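Scroll down for the structure; my scribbles are underneath it.
The values are calculated or read from the model by the stated rules, or taken from the named source; none is laboratory data. Just so it is clear, the structure is predicted and the values come from calculations on it, not from any experiment. Note that each Cβ is placed from the backbone with ideal geometry, even for glycine, and that neighbours are counted across all protein chains shown.
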Ligand code: HEM
């Protein structure tokens, strides 16, 4: 028998060599990118706004690049062509969702399994999306029915704004409550007084979640870090409390609603769900089966994702919209003139007026392009290994989109840094939307709330501008439009404006 001993240095050399071979094999032909720190990855170098940093990588690495978020390989799509090729060209393969500890926590049912649309994949995703989209369509999304709820909410908002006219005013709390109320109406057919204590408690929970939902955080790779003593742990504990409280509140309402259910035309999403659930049971389907999308856990979690995905995004778009108007007085006057010329005095602006208000529509789109409220989208993953633009993408890599690279690409937009709503109008002055305008993303996981969000943005925005002038206030200088902070959404710096009611405005009906 031949004796075989390995000295410590040669053992080390062998391990290093094996690791080098493994590293080479794992990374062969993947897109290049900055490597960051071993085990931690690139997240510590992102700064406050990773999308800005990523934009600078376009020159060096091209249409996409790779980074590590902790141990997770992440491919960042940094160009329209890369996003189109992945999300439309290989739609099925890129339809996975990267879990992340916050999404897992939010999707965890009482049975210890994940439920709802956010993390669904494969057949379950298809079934869920089909049902959600069909139900939202039937409930009047993008059409008339949900408009009644939005206009009711817009009237309350205008009232609150009016009470705060002629003084420094932060519109954020009112916008947050109004947008959340639309989702309550959609989900279970009820709205809440903005001062209702339970409602206020729910809204305060919304503020905590975005801290943890940053798409480009080292926490995604090493979620255990949230348990280290300090600020992160405290926020995590607050988030757990807020999410549990919100879940208990919504569970109670859903339960109540189910008990009150009456056969007939569904009034809201819970009704539509219960109706289909009963039909499935009557047809002998086992709804407690893991693949069924009609058990109660699926309902609880999908309704939760309407709030999670639909509140902050829409609220922030409107919050940006007001700041943009305070900065761009000439655009504001043109919006008001188009409304005044086309809408009878006294009546609210409605969806039916859209065709008469192409400039207002163009301004809404330009605000979305410039504000870029979901700058890194929601992390996806590829369900199998594939090749994208000639590079290998290993199975289940994180896939992240840098929407800033699309919205600020000079090859796609004239003077992309300028706020110029006319870019969304054609030569005849009609609304024109290019395919690379994609604030709701594209493909098999694109936003399911797009029609609702577009409707909310149009109705809240136009009704605010019909009633008020938005002015900077001397006591609180406006923050620049180029400054923002990024969590799951991109927020402007906090600001206050001064509203004047339009009846007293000398320019009214110019
Ligand atoms: C301005 C407002 C909004 C913006 C900018 C926005 C944007 C997005 C984006 C970028 C995604 C990720 C898509 C992808 O993975 O490719 C998404 C997903 C989603 N959005 Fe929205 N959204 C908005 C409003 C809403 C509203 C009002 C709702 C619901 C009522 C909603 C519900 C969802 C849901 C459930 C998903 C996950 C879909 C899935 O995983 O299949 N969103 N949204």
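Considering the conditions (1) within 18 Å of residue 397 (Cα to Cα); (2) free of Cβ contacts under 8 Å to residues at least 40 places away in the same chain; (3) crowded, with 17+ Cβ neighbours inside 10 Å, residue 76 is excluded by exactly one of them, (2). Every listed requirement among (1) part of a helix (DSSP H, G or I); (2) more than 11 Å from the ligand (Cβ to nearest atom); (3) surrounded by 15 or more Cβ atoms within 10 Å (Cβ to Cβ); (4) within 18 Å of the chain's Cα centre (by Cα) is met by residue 87 save one, (2).
Here residue 272 fulfils each of the conditions (1) within 16 Å of the ligand (Cβ to nearest atom); (2) at pLDDT 90 or above; (3) surrounded by 21 or more Cβ atoms within 10 Å (Cβ to Cβ); (4) part of a helix (DSSP H, G or I) apart from (3). Can you tell me how many residues within region 339-367 are in a helix (DSSP H, G or I) and surrounded by 13 or more Cβ atoms within 10 Å (Cβ to Cβ)? The qualifying residues number 17.
Residues are listed down the side, and each one gets a yes or a no for (1) within 13 Å of the ligand (Cβ to nearest atom); (2) outside any loop (DSSP other than H, G, I, E, B); (3) free of Cβ contacts under 8 Å to residues at least 24 places away in the same chain:
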residue	(1), (2), (3)
451	yes, yes, no
478	no, no, no
494	no, no, no
498	no, yes, no
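Residue pairs whose Cβ atoms lie under 7 Å apart, sitting 6 or more positions apart in sequence or on different chains, and linking a residue in region 177-191 that is near the ligand (Cβ under 8 Å from one of its atoms) to a partner that is not in a helix (DSSP H, G or I), are 186/139; 186/268. For residue 59, work out the one condition from (1) touching a residue at least 24 places away in the same chain (Cβ under 8 Å); (2) within 30 Å of residue 491 (Cβ to Cβ); (3) more than 25 Å from the chain's Cα centre (by Cα); (4) surrounded by fewer than 18 Cβ atoms within 10 Å (Cβ to Cβ) it doesn't fulfil. Evaluating residue 59 over (1) touching a residue at least 24 places away in the same chain (Cβ under 8 Å); (2) within 30 Å of residue 491 (Cβ to Cβ); (3) more than 25 Å from the chain's Cα centre (by Cα); (4) surrounded by fewer than 18 Cβ atoms within 10 Å (Cβ to Cβ) leaves (1) as the failure. Just one of the listed residues (102, 132, 76) is within 12 Å of the ligand (Cβ to nearest atom) and within 19 Å of the chain's Cα centre (by Cα), namely 132. In summary, residue 127 fulfils each of the numbered conditions (1) away from the ligand (no atom under 11 Å from the Cβ); (2) over 29 Å from residue 191 (Cβ atoms); (3) in contact with a strand residue (DSSP E or B) (Cβ under 9 Å, 6 or more places away or on another chain) with the single exception of condition (3).
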